[in-house]
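Let me begin by presenting the structure, written as structure tokens, before commenting on it.
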Amino acid sequence: MKSDPELISDETSEAPALESAASHGHGLRSGKFSWLAFGIGMVVLGGVAALLLNQPYYLSLGAVGLLFAALASAWNIIGGYGGQFSLAHAVFFAVGGYSVALTQVNWKWAPWPGLLLGIVLSTILAALLAWPLFRLRGPFFAIGTLALSVVVLALVTWMPWTGAALGLQIPFNEQPITSRPAWAFIFLGFLAVCVAVSLVVSRGRLGFYLVAVRDDQEAASAAGASALWVKTLGFAISAGLTGLGGGLYVMYLGFLDPPTFLDAVQIGAFIPLCALIGGLGTIVGPIIGGLVLPTLQTYMRGAFSNLPAGVSEAILGLVLILVALFFRAGIWGWLTSLVRRVMSRRAKSDERANI
Amino acid sequence: MNAQTSESTQSEFVLECHSVGKTYGGLKAVSDVNIAARRGEILGIIGPNGAGKTTLFNIISGHVGSTTGTIVFNGADVTRKPAHTRARLGMGRTFQIVRPIRSLTVLENVMIGAFHAYPTREAAAQQALRVLERVELIDRAKSNAGDLTLAGRKRLEVARALAGNTQLLLLDEVMAGLNPSEANLAIAMIHRLSLTGVSVILIEHNLKVVNELAQNVVVLDHGAEISQGSPAEVLSDPAVITAYLGNRKVAK
Ligand SMILES: Nc1ncnc2c1ncn2[C@@H]1O[C@H](COP(=O)(O)OP(=O)(O)OP(=O)(O)O)[C@@H](O)[C@H]1O
Ligand SMILES: [Mg+2]
């Protein structure tokens, strides 16, 4: 067919090119090789973990990093692709944790069915909460989820059957996996699950709909996407994975108390922060953010241990604000746009050389 | 019985609006409008600025709830159905102020419109490519939607609205802001789409365009329908001429 010259007129001006570079990170561009890249990435991470086998300190840092990379990936499904900035994921994390701990302590269940129960309960809870919560849009949704998380923390701290403020302790001889190195690989497996689910979601219809609803809810509905249904589905999948993470974390720690699982900052805001710093709405971004942020936090606590309490947190906060201000697409978004800019500059100079 | 009613309407009207109205506060944006679009026709809607044309589209597509009246699409009452359901039933619309999904490519934008009829990624992409071919935007399939020119974005709106096996296409001023040669290409495109059997309702300011494309025209003024008929009839209707002169928008 003949092409329309008016339509293919090029835009050589700077502004749209920059804008597109920034928006690239939020798209769905997972190319043909994304599964291959996924496999290679997991093998590399596994290899690094294997190299650290004799370094228990770094291995445990890595384990926590992998856990948060997985949690950030799970959150990213609704928070990044869907643009719904949930601060309630600590609740789903806790539902998973309590499912394992309560069934094990009270009814002597093995942790495995408890994990499954945690996934099911957190998925159902998210689906039920979606209906009232998604009447709120944008910042109001974030505030609603924050309020929910604060209320649940208060309830759990007060209710005797959840162990109240003391929480629950799983006897050491009932913990099936106590070897620390094993946990690095278990959390790596959990990361693989979260990334695989993210890949399937982001490449399929749901991923497209999530992005469409995030960018323009009216346009999405005109195209046949039900905003409520799309968000509910994304929220429930994300919550189910987060519940699995909470269950695993209880098994890892051997105990559970409300602040460790339900703190609005240390869990509820920290998981979204990992995704944000790494790069929202991308596969790689949350993995980077999850690996970097907890490690950085631990490192800073050590490095500034001679300073008054809170200084390291304040410095970390400052770093985060700077990143949020100057690297809006996150570390991964910044890297990819850098590569793209270098490539297009090279292409342009090639063109000039040809002339 | 149901089948019978839908069949009898199937033959004639793709869309019927029965005394549709919408008030915003005290303002009657649309009041007591009755229109019916025949299957396969191009129906024009004209009227001065603020006449209620876009509001009427929003009511038809389900983006705004009507205060009064019923909407019948393909013989079925869709008045209480949400916008996404109407889209899935085969109603496609464009927005006067274009709304591309900016973080997606042109192709991916059109896939958004295709997914409800073509649920897998591959099928949706195939369908999107076919539609992009039809609106002659195939060359820009891989561009970012935000990088298109205005003419390109207007075409993208049409493509997305068309992608889900659409039977009724609602076009809200798809030619506004285009230069004359772009507008001519758009006219040719709409004409071609209509020949493939899609019914079209077209909001347009440019009376020449309406005259060229539409078989029937509805004129709105201050929310009310003031004239209806063939382009020739409507454009010579004194009520229409007064409405346009009153609004200092004279037909050229
Ligand atoms: N959401 C809204 N809230 C309040 N008033 C509205 C709203 N939407 C439209 N209106 C009013 O309803 C009237 C009809 O507006 P509408 O956009 O339907 O006109 P239009 O015929 O499409 O005009 P134009 O040719 O400028 O596109 C206007 O007076 C407008 O100000
Ligand atoms: Mg309008």
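Things to note:
- Exposure proxy order (Cβ contacts within 10 Å, fewest to most) of B:R192, B:R86: B:R192, B:R86
- Ascending count of other beta-carbon atoms within 10 Å, so fewest first, for A:L121, A:L133: A:L121, A:L133
- The Cα center of the range A:51-70 and the Cα center of the range A:172-234 differ in position by 23 Å.
- Three-way shape label, the protein assembly as shown, alpha-carbon gyration tensor, a/c 1.5: prolate
- Additional length obtainable on full extension of the chain from A:A165 to A:A127, 0.36 nm per residue less Cα span: 10.9 nm
- Given charges at beta-carbon only (K, R positive; D, E negative), |dipole| of the range A:23-276 in Debye: 440
- Peptide B:103-113, shielding by other chains (average Cβ, 10 Å cutoff): 6
- Gaussian network model of chain A, springs between alpha carbon atoms under 10 Å - residue of A:G279, A:G39, A:G97 with greatest fluctuation: A:G39
- The range A:23-276: C-alpha gyration tensor shape, a/c 1.5 cut-off, then a/b vs b/c: oblate
- Whole-angstrom gap from the range B:58-77 to the range B:128-147, using each part's C-alpha centre: 31
- About its Cα centre, the dipole of the protein assembly as shown is roughly 720 debye, where the only charges are +1 on Lys and Arg Cβ and -1 on Asp and Glu Cβ.
- With the helix formula -39500 (n - 2.57) applied to DSSP H stretches of n ≥ 4, the protein assembly as shown reaches a computed 222 nm mean residue ellipticity of -18500 deg cm²/dmol.
- Cα-centred dipole magnitude for chain B, charges only on beta-carbon of K, R (+1) and D, E (-1), debye, nearest 20: 660
- Listed residue pairs exceeding 20 Å between alpha carbons, taken from B:K28/B:K53; B:K81/B:K154; B:K22/B:K81: B:K81/B:K154
- Taking every full run of DSSP H in chain A, the ones that stretch at least 18 Å from end to end by Cα along their long axis and average 1.0 or higher on the Kyte-Doolittle scale are A:34-51, A:56-76, A:111-133, A:139-158, A:180-203, A:227-253, A:311-326.
- Inter-chain Cβ neighbour average for residues B:87-99, partner chain, 10 Å: 3
- Dipole-positive endmost among A:V200, A:I177, A:G163 within the range A:123-238 (Cβ charges, Cα centre): A:V200
- Mean Cβ count within 10 Å, highest first, over the residues of peptides B:61-74, A:176-189, A:243-256: A:243-256, B:61-74, A:176-189
- Exposure proxy shown here: for B:R39, A:R137, B:R160, the number of other Cβ atoms within 10 Å sets the order, fewest to most, as A:R137, B:R39, B:R160.
- Two-site FRET efficiency, A:K108 against A:I40, from Cβ-Cβ distance with R₀ of 35 Å, rounded to 0.05: 0.25
- A crude spin-label estimate for the pair A:A303 and A:A196, with each label 7 Å from Cα along the Cβ direction, gives 3.7 nm.
- The slack in the chain from B:A188 to B:K208, taken as 0.36 nm per residue of separation less the alpha-carbon distance, amounts to 5.8 nm.
- The label point for A:R137 and the one for B:L129, both projected 7 Å from the Cα toward the Cβ, are 3.6 nm apart.
Taken together, the values in this text are just the output of simple stated rules run on the coordinates, not laboratory data. Fair warning: this is a prediction, and the values are worked out from it, not measured in the lab. Cβ atoms come from the backbone with ideal geometry, glycine included; neighbour counts cover every protein chain shown.
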